[in-house]
Amino acid sequence: MLRNGEIVDEVYQVVNEIGNGGMGVVYLSYHLRLEKYVVLKKLKVQNYDLSFLRNEVDILKSLHHSYLPQVYDFIQIGSDIYTVIDYIEGNDLKYCISNGYRFSEGQLIKWFKQLCQVLMYLHEQKPQVLHMDIKPANIILTKDEDICLIDFGVSQASGTEVKGLSKNFASPEQFMKAEAIRNGLDSGKIILDQRSDIYSLGATFYYLMTGYEPEITDINMPKLSEYSIAYSSSLVNITEKAMEYDINKRYKSAKQLYNALMNIQKYDSRYKKSMLLSMVVSVVSAVMLFSGVTMIISGSEKINERNYSQQYQQFSNDFTSGNTQSAINNGINILNNSDYSQYIDDNIRAQILHSIGDCFYMENDFSNAEMYYQNATDYAENTDNASVYYRDYALLAVLNGNTIVPEELLKNISDVTQKQIAVAIVQSEYCIDQGDFQEAENILGGLLNKKLDNENKVVVYNLFGELYEKRKMYSESAKYYEKSLELKREIKTLRRLGAVYLSLADLNSVTDNTNLNRAKKCYLEIFKGFYPSDNDRLNFAQVYRLLEEYSNAEVILNQYKKDYPNDYRVYMHLAFLYYDKGDKESAVNNCSKALSLKNNKNNEASYDENISKLEEIYRDCIE
């Protein structure tokens with residue numbers, strides 16, 4: 001047992017013990033270098049080989065997802081083994097239920113979807129990763145009321161042997177396989193796959209909705225629908241299907257389960273009954289109330305149609321302007337609103353899903369971007385932009401480390417020419433991502449010799465821009481981003497072009513403001529016609545400062561400080577501004593504030609090369 005205050009491996013200072021289970025003792029610790037809290041798990045090594053004990057860390061090291069913890073270290077000190085993982089602030093769902101918490105249907109559906117997103121990500125890995133220990137105690141409810149799936153100690157690649165289980169949340173086949181192994185029986189015919197995780201997910205929500213653990217060995221265990229609980233029959237039906245005893249009756253994939261949750265109203269028996277009742281009433285009362293009923297239905301439909309049109313227009317405006325968060329929320333609300341279902345065909349559904357994916361891409365959330373692009377392909381078969389949807393799904397799969405060859409990901413594109421173009425585009429992105437710039441340049445050059453539509457030309461020009469930007473060939477990069485903008489004015493291209501011109505300005509003489517004025521033009525267009533991001537605002541302020549338009553820079557930074565008073569970057573830029581103006585007192589004050597926030601243990605901002613410049617300014621001002 002480790003003592004409070006004890007330091008492990010000269011880095012991790014133990015704060016206190018926070019858990020003790022079959023796999024080991026868990027300590028809240030403080031990372032002395034990163035200045036943040038982490039979880040230090042001292043593993044129990046009896047009867048386990050080292051390869052098994054590394055399992056959780058090896059799996060997590062290769063995984064990056066919003067709803068998974070990040071791994072930091074695997075430490076072996078003598079006979080002691082430790083793992084170090086993100087500390088996720090919050091309580092697990094078992095704690096919540098045990099302490100009387102009860103959750104609304106909206107909360108449960110939200111977490112159900114988030115866990116499906118995690119499972120889709122895990123199950124799409126090559127080789128496939130099965131968690132195999134989904135249960136309330138392994139799901140943390142964060143301070144933002146999102147979930148985080150933890151504890152990969154018994155995870156496994158598909159097809160491997162059972163490493164452990166949590167009895168009442170393990171699938172029947174996982175339980176039977178473990179029992180067969182324990183009793184020395186042949187377990188080879190018992191199949192474990194992604195449906196085993198789906199069962200555990202269903203069992204978890206059984207517990208969250210009833211407060212009772214599902215007894216896997218009790219053949220008389222009541223079904224979820226037998227309880228008197230304040231949840232819709234749609235959610236009950238979906239949960240029951242997820243935890244069917246027969247593996248072949250469950251959802252075949254997390255994606256299928258996720259789609260059921262996205263269309264949850266269709267599963268609600270009360271909704272179906274009300275529709276049936278309205279039909280019966282309409283027939284019985286046809287003679288007396290025909291005109292009145294027609295007016296009511298017509299009025300209701302017109303209201304729904306108007307509301308749909310307004311919300312879709314708002315979604316479209318948000319997307320076009322780059323207001324990504326609002327677009328994501330509006331798009332999801334449109335897809336989930338049963339009143340709008342008659343106005344949404346596969347073409348529109350695919351377009352909305354793809355646009356939501358674009359929004360996540362613009363926010364550099366590649367995991368969610370890939371998921372929504374993939375969802376768009378589910379409805380893409382007979383749509384106008386099928387090749388684009390498949391292409392972008394494949395592009396994001398590559399960025400997220402998917403090793404499947406593009407031809408496999410793009411097999412559903414029926415048009416041979418479009419498929420060849422899409423494959424080449426994805427291959428070029430893969431080469432750029434891997435640093436094989438010459439091969440990427442060859443592929444992209446070959447594409448420009450083909451007859452491309454404007455949609456694909458924009459993608460190729462942007463990839464050329466990205467390629468040369470990574471090679472620090474900024475003039476070439478700018479040329480291709482400009483070509484892209486000639487065909488389509490998009491905020492993501494304007495944003496990258498502005499950053500490239502800023503880089504060119506840094507390389508060129510300070511007396512030549514040509515590139516600064518070009519960058520200024522980009523950011524002016526973003527501010528006038530689009531929804532600027534935080535980085536856009538800070539970059540624009542930097543452009544104004546370098547052009548010595550100090551008052552304009554100060555207006556932007558002061559508004560930013562009002563919106564984000566705890567972002568160290570705004571004080572850093574204000575320090576640069578006041579230093580350039582010769583106001584050393586204001587420069588020192590903002591330097592101190594920026595460095596204090598940057599070094600704050602709760603500030604998770606990544607390393608910024610400007611910090612060294614900030615420190616130089618501070619020393620110069622106080623000397």
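Summary table below
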{"item": "Elements of type helices (runs of 4 or more DSSP H) in region 159-262, at least 1 residues being touching a Ser or Thr at 6+ places or on another chain (Cβ under 6 Å) and either more than 22 Å from residue 138 (Cα to Cα) or modelled with pLDDT under 90 (or both)", "result": "172-182, 233-242"}
{"item": "Region 568-585, residues that are farther than 14 Å from residue 614 by Cβ and open to solvent by less than 80 Å² (accessible area, probe 1.4 Å)", "result": "582, 583"}
{"item": "Condition check for residue 82: within 19 Å of residue 13 (Cβ to Cβ) and open to solvent by less than 20 Å² (accessible area, probe 1.4 Å)", "result": "yes"}
{"item": "Within region 188-229, considering residues that are over 16 Å from residue 131 (Cα atoms), hydrophobic (A, V, I, L, M, F, W, C) and without any contact (Cβ under 8 Å) to a residue 60 or more places away in the chain, the one least open to solvent (accessible area, probe 1.4 Å)", "result": "224"}
{"item": "Residue under evaluation residue 132, criteria (1) at pLDDT below 85; (2) more than 17 Å from residue 88 (Cβ to Cβ); (3) among the hydrophobic types (A, V, I, L, M, F, W, C), criterion not met", "result": "(1)"}
{"item": "When residues of region 554-567 are limited to those that are part of a helix (DSSP H, G or I) and farther than 19 Å from residue 621 by Cβ, the one most open to solvent (accessible area, probe 1.4 Å)", "result": "562"}
{"item": "Qualifying helices (runs of 4 or more DSSP H) (wholly inside region 411-497; at least 2 residues being at pLDDT 90 or above and closer than 24 Å to residue 381 by Cβ)", "result": "454-470"}
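Each row is one residue, and each column tells you yes or no for (1) among the hydrophobic types (A, V, I, L, M, F, W, C); (2) under 31 Å from the mean Cα position of the chain (by Cα).
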site: 201; (1), (2): yes, yes
site: 205; (1), (2): yes, yes
site: 227; (1), (2): no, no
site: 232; (1), (2): no, yes
site: 249; (1), (2): no, yes
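One line per residue, one yes/no per condition, for (1) surrounded by fewer than 19 Cβ atoms within 10 Å (Cβ to Cβ); (2) in a helix (DSSP H, G or I):
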position: 325; (1), (2): yes, yes
position: 353; (1), (2): no, yes
position: 364; (1), (2): yes, no
position: 367; (1), (2): no, yes
position: 370; (1), (2): no, yes
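The values are calculated or read from the model by the stated rules, or taken from the named source; none is laboratory data. Bear in mind that the values here come from a model prediction, so they are computed numbers and not experimental data. Glycine also receives a Cβ, built like all others from the backbone with ideal geometry; neighbour counts cover every protein chain displayed. Ligands, DNA and RNA are excluded from the accessible area calculation, which covers all protein heavy atoms including side chains. Shrake-Rupley method; radii C 1.70, N 1.55, O 1.52, S 1.80 Å.
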